[in-house]
1. Determine which member of the set G319, G270, G350, G282 is more than 20 Å from M232 (Cα to Cα) and at pLDDT below 95.
2. Can you tell me which residues in region 197-217 are crowded, with 20+ Cβ neighbours inside 10 Å and either not small (G, A, S) or not in a strand (DSSP E or B) (or both)?
3. Given the criterion open to solvent by less than 10 Å² (accessible area, probe 1.4 Å), among the small types (G, A, S), out of contact with any Gly (no Cβ under 7 Å at 6 or more places or on another chain) and touching a residue at least 60 places away in the same chain (Cβ under 8 Å), identify the matching residue among G260, G231, G270.
4. Looking only at residues in region 161-185 that are in contact with a Ser or Thr (Cβ under 6 Å, 6 or more places away or on another chain) and either open to solvent by 40 Å² or more (accessible area, probe 1.4 Å) or part of a helix (DSSP H, G or I) (or both), which one is modelled with the lowest pLDDT?
5. Pick from region 401-421 the residues that are within 26 Å of A197 (Cα to Cα) and of a type in the set (V, I, T): which of them is surrounded by the most Cβ atoms within 10 Å (Cβ to Cβ)?
6. Considering only region 139-160, I want to know if a residue exists there that is in a helix (DSSP H, G or I), at pLDDT 95 or above and of a type outside the set (A, V, I, L, M, F, W, C).
7. Would you mind telling me which numbered condition in (1) open to solvent by 60 Å² or more (accessible area, probe 1.4 Å); (2) in contact with a strand residue (DSSP E or B) (Cβ under 7 Å, 6 or more places away or on another chain); (3) closer than 28 Å to I142 by Cα Q26 fails?
8. Select, from R280, R251, the only residue that is under 20 Å from F109 (Cα atoms) and among the charged types (D, E, K, R).
Amino acid sequence: MKLLVIGSGGREHALAWRLAKTPGLQKVFVAPGNAGTAREHELENVPLSGAEELADFAQRENVRLTVVGPEAPLAAGIVNLFRARGLRIFGPTREAAQLESSKDFAKRFMLRHHIPTARFVSFTERAAAHAYVEQQGAPIVIKADGLAAGKGVVVAGSLDVAHAAIDQMLPASGSGMTSGDHGARVVIEEFLDGEEASFIVMVDGRNVLPLASSQDHKRIGDGDTGPNTGGMGAYSPAPVVTPEVHARAMREIILPTVRGMAAEGMPYTGFLYAGLMIGRDGSVKTVEFNCRLGDPETQPIMMRLRSDLFNLLEHAVSGRLNLVEASWDRRVALGVVLAAANYPATPRTGDPVSGLPASTDGSHVFHAGTSEIDGRIVTAGGRVLCVTTLADNVRQAQRRAYDLITGIHFDGMQYRHDIGHRAAGR
């Protein structure tokens, strides 16, 4: 049996690593993969990225199931293409992926289906956006409408920062950060106070299987300071997601979303990620939707998963998620991202990576932005590695992860020293 994972980041490394434990597996292909997946037993990188060539490959190799990691191919319609060719694939269609590929679509969808979220207004004109911000004041949230690799959100604590974000996302030329064919657009939202958590589920079009809760750290600096990034670390479970919060998220956000997408003729299949803002009163609002697993949340979630991931995916693509449950390691998993010099602006690449530790039952280093040149692993992206550990509690997981990091080196390496601080203080 052969499987295919599409993508090259830490999320895809973790997915492929977990799938490689499937009984009776022949091979997990990773397209295009990275230096970490190239060195994993039973994983094989294939240098492909185009949807048509990936479909050709899956057909030629008789791939049993394809799993899509990143958002860009989903937004471009790779699931539509695979299904049209009779190939089994797990992920949302282009139409359903609008929940992530367009912030404006997602907000209007939530409004139609009474899903709790922040108040918002969308703009395509800079002058109107600036005027609205002046009227509302700060703090306020500015979001690019299209895909922006996790960095299209600015939580502006001052009007100057808000205006600068608008100018960046709605440039005078009209070529802003957008993935659609229409002009650039920004969504401006009220600032929500509370604690944010990641709520990720599997969906088969009708049935929902929740995964373990998790929480990531989006800002570059210790103490949640500095600009937003794609994520500097994560841990699972997230204590802030209490049984009551979990029930509210399912009842008020996840199930209405799945039902709403089906009612609008876009049945949702795939991983669905709801970013939750949890208020001090236990209220839950939707910060955003992602149409795939989070990164770096996937790394600790896959470390904790004890069920056969392939079996869960088989039930999902067959529309039978209601017949399966996921089991989890009771321990805490925590991952610390090691980022390249100059990240998140223009990351430097080509720096040799040394000191990578061997994997153990309780630790694994997942690669993201790496490649192999002349037998050496070098940096090839902003987020380079995710050092992930399992332990009985958060503090032990922290110690294990940071102990491993002391032996790893590449020039300009930067990372946060407080991943898991919210959970450690509980």
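The values are calculated or read from the model by the stated rules, or taken from the named source; none is laboratory data. Small disclaimer: the values here were computed from a predicted structure and weren't measured. Because the Cβ atoms are built from the backbone with ideal geometry, glycine has one as well, and the counts that use them run over all protein chains shown. We work out accessible area using only protein heavy atoms, side chains counted, and drop any ligands, DNA or RNA first. Shrake-Rupley method; radii C 1.70, N 1.55, O 1.52, S 1.80 Å.
1. Details: G319 fails: at pLDDT below 95; G270 fails: at pLDDT below 95; G350 fails: at pLDDT below 95.
The conditions single out G282.
2. Of the residues in region 197-217, the ones crowded, with 20+ Cβ neighbours inside 10 Å are 197-204, 211-217.
Once the filter is applied, which keeps residues that are crowded, with 20+ Cβ neighbours inside 10 Å and either not small (G, A, S) or not in a strand (DSSP E or B) (or both), region 197-217 yields F199, I200, V201, M202, V203, D204, L211, A212, S213, Q215, D216, H217.
3. Values: G231 fails: out of contact with any Gly (no Cβ under 7 Å at 6 or more places or on another chain); G270 fails: out of contact with any Gly (no Cβ under 7 Å at 6 or more places or on another chain).
Being open to solvent by less than 10 Å² (accessible area, probe 1.4 Å), among the small types (G, A, S), out of contact with any Gly (no Cβ under 7 Å at 6 or more places or on another chain) and touching a residue at least 60 places away in the same chain (Cβ under 8 Å) holds for just one of G260, G231, G270, which is G260.
4. First pass over region 161-185, keeping only residues in contact with a Ser or Thr (Cβ under 6 Å, 6 or more places away or on another chain): 179, 183-185.
If we keep only those that are either open to solvent by 40 Å² or more (accessible area, probe 1.4 Å) or part of a helix (DSSP H, G or I) (or both) too, we end up with 179, 183, 185.
On the way: S179: 40, G183: 63, R185: 92.
This residue is S179.
5. I419
6. Taking region 139-160 first, the residues in a helix (DSSP H, G or I) are 159-160.
Narrowing the set further to residues that are at pLDDT 95 or above leaves 159-160.
The next check asks that each one be of a type outside the set (A, V, I, L, M, F, W, C); those that pass are 160.
Checked region 139-160: at least one residue is in a helix (DSSP H, G or I), at pLDDT 95 or above and of a type outside the set (A, V, I, L, M, F, W, C).
7. (3)
8. Values: R280 fails: under 20 Å from F109 (Cα atoms).
When all the criteria are applied, what remains is R251.
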